Amino acid sequence: MSYELSVLLGTIFATYLWRGLGVLLSGRINVETEFFKWVTCVTYAMVAALVVRIIILPVGLLEEVPLAVRLVALLVAVFVMMRLPRPWGGLVPGLLVGSVLVALGYSLSQVT
């Protein structure tokens, strides 16, 4: 067996092992405990920090988009996600609007 195939099979096994254990244990776990509330808060904080880091200190192609464009795209995307009624609001429309605004901002910044 080649090295690549063994790495692939090991990765598949490790992924599905933890998913299977999660399915087996999910019915026995009380998610209303203080521990899980804390884990939820930490998770939201990590996601928020990652989004801020990507917007403020980007790498790659996003680095070429002006900060003002990135901030406006973020604000409009959050507004679409949180304030507009369905089907116009929500996660997917917010992501689409934010992505389109960043792409347009990038295109316009390259023209000038």
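The values are calculated or read from the model by the stated rules, or taken from the named source; none is laboratory data. Note that the coordinates shown come from a computational prediction; the quantities given were computed from them, not determined experimentally. Note: ideal-geometry Cβ built from the backbone for every residue, glycine included; neighbour counts use all protein chains shown. With ligands, DNA and RNA removed, areas are computed over all heavy atoms of the protein, side chains included. Shrake-Rupley method; radii C 1.70, N 1.55, O 1.52, S 1.80 Å.
Exactly one residue out of Val51, Val80 is at pLDDT 90 or above, in contact with a Phe, Trp or Tyr (Cβ under 8 Å, 6 or more places away or on another chain) and either open to solvent by 100 Å² or more (accessible area, probe 1.4 Å) or closer than 30 Å to Ser109 by Cβ (or both), and it is Val80. If you go through segment 84-110 and keep only what is of a type in the set (S, T, N, Q) and under 17 Å from the mean Cα position of the chain (by Cα), you end up with just Ser99.
The residues listed here are Glu32, Glu4, Glu64; of these, the one that is under 21 Å from the mean Cα position of the chain (by Cα) and acidic (Asp, Glu) is Glu64. The single condition among (1) surrounded by 11 or more Cβ atoms within 10 Å (Cβ to Cβ); (2) touching a residue at least 24 places away in the same chain (Cβ under 8 Å) that Leu61 does not meet is (1). Inclusion of Val69 among residues that are touching a residue at least 40 places away in the same chain (Cβ under 8 Å) and not aromatic (Phe, Trp, Tyr) is warranted.
Considering segment 19-48, the residues that are in a helix (DSSP H, G or I) and among the charged types (D, E, K, R) include one that is most open to solvent (accessible area, probe 1.4 Å), namely Arg28. The one condition from (1) more than 27 Å from Tyr106 (Cβ to Cβ); (2) part of a helix (DSSP H, G or I) that Leu71 does not meet is (1).
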